[in-house]
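Colleague: This is the structure I want to talk about, given as structure tokens.
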Amino acid sequence: MARRKKAPIDMRPIEVRRKEWIDKYPDKFLICRQGHDFPKPFPGRRMTNTSIVPWFYDDGRREGEVLITQKCKHCGRVRWRISGPRGMYYSEATKWNYDDPKGYATPPGLGIPRSAYGDEYWRRIIDADPDLTQEVEAREEEEQ
Ligand SMILES: [Zn+2]
């Protein structure tokens, strides 16, 4: 069996690696880090990007739990949770679990704070609007 080569260790300073990651981070993920677009099913209406199925234990036992799965229609992030038993559908004892699309999660060890994604998001919004950019730059010059 072929041995998998170890990835070379990135020896560049952490700041450089962080900046490289955030600079290349896709807009659609940056937008979603401001809030995902998970569906809000309406009672009686056909659901999209949501499934609710009975949950069975490994031994086939069932105690009324359901598996709720939803997909963000914007970025594809999936969240899922198993309800509490017997109609406790939104039990505080259970939490949402997430399956991230490729390229969404911050690589281990990079330690990029949530606020850095927010900074980048708003920087791109301002940079993409020439009038806003001009206004922000004019204010910055006034302050100096
Ligand atoms: Zn999303």
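The values are calculated or read from the model by the stated rules, or taken from the named source; none is laboratory data. What you see is a predicted model, and the numbers here were worked out from it, not measured in a lab. A quick note on method: Cβ atoms are made from the backbone with ideal geometry, for glycine too, and the neighbour counts reach across all protein chains shown.
Colleague: Whether any residue in the stretch 62-83 is on the phi < 0 side of the Ramachandran plot, surrounded by 11 or more Cβ atoms within 10 Å (Cβ to Cβ) and of a type in the set (Gly, Ala, Ser) is what I want to check.
Modeller: Within the stretch 62-83 (the criterion being on the phi < 0 side of the Ramachandran plot, surrounded by 11 or more Cβ atoms within 10 Å (Cβ to Cβ) and of a type in the set (Gly, Ala, Ser)), the answer is yes, since at least one residue qualifies.
Colleague: Please work out which residue is surrounded by the most Cβ atoms within 10 Å (Cβ to Cβ), limiting yourself to the stretch 45-61 and to residues that are assigned to a strand (DSSP E or B) and more than 16 Å from the ligand (Cβ to nearest atom).
Modeller: Checking each candidate, the answer is 52.
Colleague: Could you please let me know if residue 104 is more than 30 Å from residue 52 (Cβ to Cβ) and either within 16 Å of the ligand (Cβ to nearest atom) or touching a Cys at 6+ places or on another chain (Cβ under 8 Å) (or both)?
Modeller: So residue 104 does not fit the description; no.
Colleague: Which one of these is more than 25 Å from residue 111 (Cα to Cα) and among the hydroxyl-bearing types (Ser, Thr, Tyr): 98, 57?
Modeller: 57 is the lone residue from the list that is more than 25 Å from residue 111 (Cα to Cα) and among the hydroxyl-bearing types (Ser, Thr, Tyr).
Colleague: Here's another thing I want to ask about it. Could you go through the stretch 100-108 and let me know if any residue there is of a type in the set (D, E, K, R) and either closer than 23 Å to residue 21 by Cα or in contact (Cβ under 8 Å) with a residue 24 or more places away in the chain (or both).
Modeller: yes
Colleague: I want to confirm something. Restricting to the stretch 109-133 and keeping residues that are among the acidic types (Asp, Glu) and without any contact (Cβ under 8 Å) to a residue 24 or more places away in the chain, which single residue is farthest from residue 20 (Cα to Cα)?
Modeller: Selected residue: 131.
Colleague: Here's a follow-up. Test residue 131 against the criterion of being assigned to a helix (DSSP H, G or I), modelled with pLDDT of 90 or more and not hydroxyl-bearing (Ser, Thr, Tyr), and give yes or no.
Modeller: So residue 131 fails the test.
Colleague: Pick from 82, 22: which is more than 16 Å from the ligand (Cβ to nearest atom), at pLDDT 95 or above and not small (Gly, Ala, Ser)?
Modeller: 22
Colleague: While we're on this one: Would you pick out the residues in the stretch 111-127 that are in a loop (DSSP other than H, G, I, E, B) and surrounded by 13 or more Cβ atoms within 10 Å (Cβ to Cβ)?
Modeller: Residue satisfying the conditions is 112 alone.
Colleague: With the structure loaded, tell me whether residue 51 is polar (S, T, N, Q) and either in contact with a Cys (Cβ under 7 Å, 6 or more places away or on another chain) or modelled with pLDDT under 95 (or both) or whether it fails that test.
Modeller: no
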